[in-house]
Every structure is written in C-alpha cells, then in structure tokens.
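Each remark here refers to the structure printed beneath this line.
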C-alpha cells in the first residue's frame, strides 16, 4: 500500500505547475474595488462577536478540512470557486473570532454555526473597507498599492503548492550544499526538537492529515492510533504531544494575547494572525486546526525560519539565506541541459568584492542572478508604507548589484573575462518568499532607475519555470524576451514558458523521495487509518 507521502505528492503535483487560482477567484480581488464604501472592521467585528467563538472556530475548522480534502484528494465540495468561502476568508474570520471573541456584553447562545452563517461572515470579510483608499483618484498616491498588498499577502499564502513548500525545506535545511556554514547539524536539530528534522516535518504532516480526517479535530486517541500505525516517523505518543504543546498549540486565551500584542492600530484586519505561530487550538486532550494551511506553513522554510531562530539564535537566518542561494543554483543548473553555462559568483579586485550570485549564459543573453533570502514583514502584509518601502529597498539593492556586475562585464575586468560581452544582459532577482507585484506599476515610482532590465521571481516561480524552460525550444531567446520590458508589461520570468507544457521538477522529486526514504518503515501504513477515518466524516 502506498505511503500517504506518495499520495500527497501526487495530489500536489497539479499545484506545482504554478499557483492556485484561489487568490484571484471571483469574490476576492475584484470585490476590492472602491466604487462604494465597504464594511468597516468595527462592523465586521460586531458580526463575528454575535457567535460563540468556540463554536465558530469549530465550524471554520470543519470547512477548512473539507476544502483541503477537496483540493488534495480531488473530492467534490459544497463550496464553489465563486463563493465567498475560501481558506483565506476563513482565516480572516478565525482571527477576528480569537482576537475579539471575548468582547461581548450579552451572553451568546451556545449553538452550532450554520453554513449560511459562515458564508455571510466570509462575504463580510471580503467586503471589508480600506479607509485609506479614496472613492476617486485611487491612483493619485499609494492607496491602491497598499490595498493590493493587503489582499495578495493574505490570499497568496494559500495559493502555492504544498509539494513545493515542503520539498524546499529539505533542499535548504537537510539535503543542502555541504559548503554552507552555520546551519544546524542533524544532531543539533534532534537535540532542539526531540526528533530529527525530517521526522519533525513528518509529524506535522500527519497531524494535518489527521485533522483533515477528523473535520479539524485531533484527539490523543487519534494520535495513539497513528503512532501504532507508524504515522509519526517512529515517535511515541509522549514525544508527539510534547512537540504539539511546545511548538504547535496554545489555548484560545494565549492566542488572543499574542494576537493583541502584535495588532497594528488602524490595520487590525490585516495584522498578524496568532494561528500562524500556533496553528492548533488546545482544548484539554483535543486539538482544533481552524486553518489547515497554517500547519503546513510550519513545515516550510519560512515556518522553520522562526523555529530555527528560537533554538539556534540570530545567526540562523544568515545560514538559511546562504543555503537558499545554493538551492537556487541547483535549479539554475537544470538549464545546462538546454545549452546554458551557469557560473557562481566571482570575487574581484583588491578588496575581494563580489559580483551577483550567478551568471546564466545563453547565446542570446547573459542573465545576472541575485538571490535574496527576503520575506514581507508584518508591516508590508498590512499594506503600511514603511513595510512596503523596506521591500522596495531590498529589491533595489539587488537591482543595483546587477547593474554593477553588468558594468564590470562591459569593462572587461580580468576576473570576468570568461563572461561574453557581445550579447544582451538582463537581470533576475530571486527571493525565498514571494514579493508580490513588486515589478508592476504599483511600485514603479518607488524605485530608482536602473540600467539593466530585471525581473523579480520567488522560489516557487524558479522551481516551476527552470525545468520547463530547459525542455523548451529556443530557451535563450525565450528568456531574453521574458526579461525585456514590453510596454506596458514589465519583465516577467513566467513569460519564458508561456504556451509550453509544464515539466516535473527533478530536483523536487528527488528531495521528496529522499524525505520519504529517511523515515522509519512500518508494516502498517498510516494511509489506511486516515482513509478509513475520512470515509466516515460527514
């Protein structure tokens, strides 16, 4: 019988072709137009507070599990794409229920929440007003940029392939380039977590599977059955519970305190969701998972970024960034099969300065690649100018480095004599986490002019595009066209594979299979247990 890791890999491969369409579904972005004033956060909070927060979170968890089963197991769902009920809208309602759920003068009736009530609450979340966006003159300042940042950073998290997210974790933290210095050793991970890092991720993976099977609930009995079936990488019940209670869960009061501590005045709806830090809500010997993808996020390089800082200190992000740079090189190397020459960074001059991180040389173009292990912070996700300016500054720095290296090539310094100077030069900034819409007109006026035309791509983009471009005809010409401004369209790496059938990524396949292979084998697979349990859930 197949392992659930194999089943999940197959189900998620469809998503690995690119982003899900959820972030652009009817009822999301297009509903954000400001032709008329929308629902204020105060009014939305009042709607949410009409419900018992415990019952509301239970209903959200049930529907989140249902949506995930429909996505990953290709089941039908009661919630069509054009409804207001999506993972992102459920997450917004859940956050408000946790943060504001205690602010109620009258006693609420303790009764289940209906489907129609959830539909209404999600619709109100989508209709939320952006007071800083005027009814007219929306392009006169950064109002549209701020609004779009809020929408896309809160929806976009749910729009990427879990397959890519998890395999990237192993590419940068487990099966990483041995030249990277400062990353925790396997022994250090095990001392910190109580289990190996691959086992730690497997435990979270199977907790998510158990929650989906249990309509959002995981009980101690569920965990014990899973342990007996070998679902938790050989860990016993006490070890799994220790990880849950230490890293993954908190009671609703702790969630509320954490959320209020990090809430941004005037941007309450778009502030930090405490479920991202602790995805499970503890209820005695049971645990509730209101938003499925938040537990998946704990397995990603971003989720483990915070875990690593907590256990290994402030030097961990630097080592993670160095490892991601090597991971990018591993993907760029796929283009060598299509005739590209890929070279790493070069040091030059008496001061041993450094060029961009990679040179990708085709007959038609030289692409200068600068890697940034960056992410959007809470201010950027809330559409606050200071946070957006920080994103621009980091991308601007990468573009400037591309310009400097291009000049060195044209000046024919000895250290770069092997890079041809007789063809077009373009730039590519690769970020660990997506920096949404940064190359569009929304941010254009925030950048200083650069000499070299450049595009920005996240890790997801690179993982999807490199294997497909390597198998395409005329990859160099495609790359040159994609990275060239075509008024009004900015450079966009994705254009290089438009109209080309997607190709599976051999790097990701190898990483996923390596994860499966390093886990303890059991004669009884947990897949049979979860499938049986799922089949009786209504």
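The values are calculated or read from the model by the stated rules, or taken from the named source; none is laboratory data. Keep in mind that this is a model prediction, so the values were computed, not measured. Heads up, the Cβs are rebuilt from the backbone with ideal geometry, glycines too, and the neighbour counts pull from every protein chain shown.
Is it true that residue 477 is over 29 Å from the mean Cα position of the chain (by Cα), modelled with pLDDT of 95 or more and in a helix (DSSP H, G or I)? Criteria met by residue 477. Just one residue in the set 33, 101, 27 is modelled with pLDDT under 65 and touching a helix residue (DSSP H, G or I) at 6+ places or on another chain (Cβ under 8 Å); that residue is 27.
Condition check ((1) under 26 Å from the mean Cα position of the chain (by Cα); (2) at pLDDT below 95) across all residues:
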position: 237; (1), (2): no, no
position: 245; (1), (2): yes, no
position: 269; (1), (2): yes, yes
position: 300; (1), (2): yes, yes
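Which one is modelled with the highest pLDDT, of the residues in the stretch 41-79 that are in contact with a helix residue (DSSP H, G or I) (Cβ under 6 Å, 6 or more places away or on another chain) and not in a helix (DSSP H, G or I)? Filtering the stretch 41-79 for residues that are in contact with a helix residue (DSSP H, G or I) (Cβ under 6 Å, 6 or more places away or on another chain) and not in a helix (DSSP H, G or I), the one modelled with the highest pLDDT comes out as 77. The lone criterion from (1) in a helix (DSSP H, G or I); (2) in contact (Cβ under 8 Å) with a residue 12 or more places away in the chain; (3) surrounded by fewer than 23 Cβ atoms within 10 Å (Cβ to Cβ) left unmet by residue 333 is number (2).
Among the conditions (1) surrounded by fewer than 22 Cβ atoms within 10 Å (Cβ to Cβ); (2) out of contact with any strand residue (DSSP E or B) (no Cβ under 8 Å at 6 or more places or on another chain); (3) in a helix (DSSP H, G or I); (4) at pLDDT 80 or above, residue 82 misses just one, which is (3). Being over 19 Å from residue 303 (Cβ atoms) and more than 22 Å from the chain's Cα centre (by Cα) is not true of residue 192. Here is a check on your reading of the model: is residue 501 in a loop (DSSP other than H, G, I, E, B) and over 18 Å from residue 365 (Cβ atoms)? The answer is yes for residue 501. Restricting 117, 127 to residues that are in contact with a strand residue (DSSP E or B) (Cβ under 7 Å, 6 or more places away or on another chain), surrounded by fewer than 21 Cβ atoms within 10 Å (Cβ to Cβ) and in contact (Cβ under 8 Å) with a residue 60 or more places away in the chain narrows the list to 127. I'd like the full set of residues that are within 22 Å of residue 194 (Cα to Cα), assigned to a loop (DSSP other than H, G, I, E, B) and either in contact with a strand residue (DSSP E or B) (Cβ under 7 Å, 6 or more places away or on another chain) or without any contact (Cβ under 8 Å) to a residue 24 or more places away in the chain (or both), limited to the stretch 230-288. Within the stretch 230-288, 236, 278, 285 meet the criteria. Going through (1) within 19 Å of residue 434 (Cα to Cα); (2) touching a strand residue (DSSP E or B) at 6+ places or on another chain (Cβ under 7 Å) one by one, residue 306 falls short only on (2). Set side by side, the residues 457, 449 differ, and just one is outside any helix (DSSP H, G or I), surrounded by fewer than 15 Cβ atoms within 10 Å (Cβ to Cβ) and at pLDDT 95 or above, which is 449. Scanning the stretch 127-142 finds no residues that are assigned to a helix (DSSP H, G or I) and within 24 Å of the chain's Cα centre (by Cα). Please list, ordered by first then second residue, the pairs with beta carbon atoms under 6 Å, 6 or more apart or interchain, first in the stretch 194-210 and at positive phi and touching a residue at least 24 places away in the same chain (Cβ under 8 Å), second surrounded by fewer than 22 Cβ atoms within 10 Å (Cβ to Cβ) and assigned to a helix (DSSP H, G or I). That search, which allows pairs on different chains as well, returns 194/239. For the stretch 344-360, the tally of residues that are within 30 Å of the chain's Cα centre (by Cα) and either farther than 16 Å from residue 430 by Cα or assigned to a loop (DSSP other than H, G, I, E, B) (or both) stands at 5. Checked across the stretch 175-183, the condition of being part of a helix (DSSP H, G or I), buried (at least 18 other Cβ atoms within 10 Å of the Cβ) and either under 15 Å from the mean Cα position of the chain (by Cα) or modelled with pLDDT of 90 or more (or both) holds for no residue. Within the stretch 297-318, the only residue that satisfies the criterion of being part of a loop (DSSP other than H, G, I, E, B), touching a residue at least 60 places away in the same chain (Cβ under 8 Å) and within 13 Å of residue 182 (Cβ to Cβ) is 315. With respect to (1) buried (at least 21 other Cβ atoms within 10 Å of the Cβ); (2) at positive phi, the lone exception for residue 214 is condition (2).
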